[in-house]
Amino acid sequence: MLLCPGQGAQKVGMGKDLAAAFPAAREVFRAVDDALGVALSKLMWDGPEDELTLTHNAQPAILTHSLAVWAVVQPALDPVAGAGHSLGEYSAYVAAGALSATAAARLVRRRGELMLEAGQARPGSMAAVIGLDAGHVSDACAQASGEHDVVVAANLNAPDQAVISGDPGAVERAGKRLKESGAKRVLPLKVSGAFHSPLMEPAAEGLRAELEQVDFADPAFPVIANASAEPVRDAAAARRLLGEQLTAPVRWVESMQRAAAEAGNDVTFVEVGPGAVLSGLLRRIVRDTQSVALGTADQLNAFMEQHA
């Protein structure tokens, strides 16, 4: 079972050891640089960090890192299904053969630009909520939303961890209610917009137009969609659900529960890309699952030796 991380996992130096160690990874970086017409790999490897963290750079950077890992490990894997957190859903579709790597890189670059533009046109905020379940979070958001401002549960990441997103005033009101309801922490996030909320509708509209111009194939293995928490098996559904994703919540808890059911017993979840956030969330959602995170050359070498 394949897992692909989303935005927030980027850091300067990401993927540099992969390019040095593996020709297949090096080719992915070269292809994406050519497709975007920018030296994305240089930005990933050398920074500066503040430029790498910009949404339209971070998104293709994380996708490229994931695809570089996938290019190396693909001969050793035969996934029964895949899933990606927000941006990572694009990586999963590439791994499943539904999208080309270069088309996905151009798409997520444009996705990041559209999200940034939407955030500038209607500034929003996001906050992580620790220690309450999805029901409490959704109720607080409904109570805090007003006629002219809105806040929603945007990321349902773990049974006791969520992210709220929306207009700043509504996010602040929801955060106050959640603290009163027993949240351990409500932490403002450094973001350029209210992602996975109605404030992203202008970006979603632009992205849907972009998606219509890109060739999709039926995925070789099902990909669990963020917006539905259901497996996607055909190109039309993949395109439609990616278009819905920007304004829909990331239903990660449900997605991992469905992924575990889809994968069956004794299946290892393999996280490809920077960090190991998704592996950590998985352990909190589905007990007794096996997972491995592959993001560095050392991790890949050890995994490939075991699966030679």
Next item on the list: Could you run through the stretch 17-41 and say how many residues are surrounded by fewer than 16 Cβ atoms within 10 Å (Cβ to Cβ) and basic (K, R)?
Entry: 1
Next item on the list: Output the number of the condition that S192 fails; it satisfies all remaining conditions of (1) of a type in the set (S, T, N, Q); (2) in contact with an Asp or Glu (Cβ under 6 Å, 6 or more places away or on another chain); (3) modelled with pLDDT under 95.
Entry: (2)
Check: Which residues, taken from the stretch 105-129, are without any contact (Cβ under 8 Å) to a residue 60 or more places away in the chain and not in a helix (DSSP H, G or I)?
Finding: V129
Margin query: Residue pairs, Cβ under 8 Å, 6 or more apart or interchain, first in the stretch 31-57 and closer than 15 Å to R111 by Cβ, second aromatic (F, W, Y) and modelled with pLDDT of 95 or more. List them.
Written below: L40/F29
Note to self: Of all residues being surrounded by fewer than 19 Cβ atoms within 10 Å (Cβ to Cβ) and in a helix (DSSP H, G or I) in the stretch 141-171, which is farthest from the chain's Cα centre (by Cα)? Just the residue, please.
What the structure shows: Q143
Note to self: Between D149, D234, D160, which is farther than 26 Å from G280 by Cα, among the charged types (D, E, K, R), at pLDDT 95 or above and not assigned by TED's automatic domain parsing to the domain that holds S100?
What the structure shows: D149
Check: Of G88, G84, G112, G97, which residue is at pLDDT 95 or above and either farther than 24 Å from V272 by Cβ or surrounded by fewer than 19 Cβ atoms within 10 Å (Cβ to Cβ) (or both)?
Finding: G97
Notebook entry, point to check: Under 6 Å by Cβ, and 6 or more places apart or on different chains, what pairs join a residue from the stretch 209-224 that is closer than 14 Å to Y90 by Cβ and assigned by TED's automatic domain parsing to the domain that holds R106 with one that is part of a helix (DSSP H, G or I) and of a type in the set (K, R)?
Noted result: E210/R110; L211/R239; F216/R239; I224/R258
Notebook entry, point to check: If only one of A203, A194 is closer than 20 Å to R109 by Cα and part of a helix (DSSP H, G or I), which one is it?
Noted result: A203
Next item on the list: Could you please give the count of residues in the stretch 70-104 that are closer than 14 Å to L3 by Cα, part of a helix (DSSP H, G or I) and touching a residue at least 60 places away in the same chain (Cβ under 8 Å)?
Entry: 9
Notebook entry, point to check: In this structure, is P219 crowded, with 23+ Cβ neighbours inside 10 Å and in contact with a helix residue (DSSP H, G or I) (Cβ under 9 Å, 6 or more places away or on another chain)?
Noted result: yes
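The values are calculated or read from the model by the stated rules, or taken from the named source; none is laboratory data. Not measured: the values here are computed from a predicted model. Positions of Cβ are backbone-derived with ideal geometry, glycine not excepted, and every protein chain shown enters the neighbour counts.
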